[in-house]
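S.K.: Before we start, here is the structure in question, set down as structure tokens.
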Ligand SMILES: Nc1ncnc2c1ncn2[C@@H]1O[C@H](COP(=O)(O)OP(=O)(O)OP(=O)(O)O)[C@@H](O)[C@H]1O
Ligand SMILES: [Mg+2]
């Protein structure tokens, strides 16, 4: 476990750089934290590092957004609206995880915890007020 306090959004860039090699190795990243704590914003920084050309938008209404990077397909999921239902009603998680060169990133992973593999990276966001955030990384 690794705890970091960041002062502003831009500080997510160095964190994204640090996390990326781990994510390429372990292709599942679960994101936790309240509404507006910064999950989607972090995915934007990660995708910048991966040189994704598409604009990263919140997948909360569509459940899954797919972005293409040079060597990776990124599946950006948000299970908030599933309200704890089986995520397989929306996507075949196993298929996404086993697709070649896939990176799967899940917002609101806590709502579907029982359905998720234990082998993963976790990033927990806590809003400390203003632009300050506490981030806890588990891997
Ligand atoms: N240090 C920071 N890190 C991340 N976001 C920040 C930071 N400071 C300010 N923000 C702002 O906070 C908001 C975070 O919103 P974001 O959509 O990323 O949250 P979220 O966790 O994905 O929420 P949701 O649960 O609704 O999907 C953005 O408007 C972002 O610009
Ligand atoms: Mg979001």
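The values are calculated or read from the model by the stated rules, or taken from the named source; none is laboratory data. Quick caveat, the model's predicted, so the values are computed rather than measured. Every residue, glycine among them, receives a Cβ derived from its backbone with ideal geometry; neighbour counts consider all protein chains shown.
S.K.: Scanning for something buried (at least 16 other Cβ atoms within 10 Å of the Cβ), touching a residue at least 24 places away in the same chain (Cβ under 8 Å) and closer than 16 Å to residue 20 by Cα, does the range 83-99 turn up at least one residue?
M.R.: The answer is no; no qualifying residue exists.
S.K.: Output the strands (runs of 3 or more DSSP E) that fall wholly within the range 1-110 and possess 2 or more residues being within 15 Å of ligand 2 (Cβ to nearest atom) and either more than 16 Å from residue 125 (Cα to Cα) or modelled with pLDDT of 95 or more (or both), or say none.
M.R.: The qualifying strands (runs of 3 or more DSSP E) are 28-32, 64-68, 73-78, 102-107.
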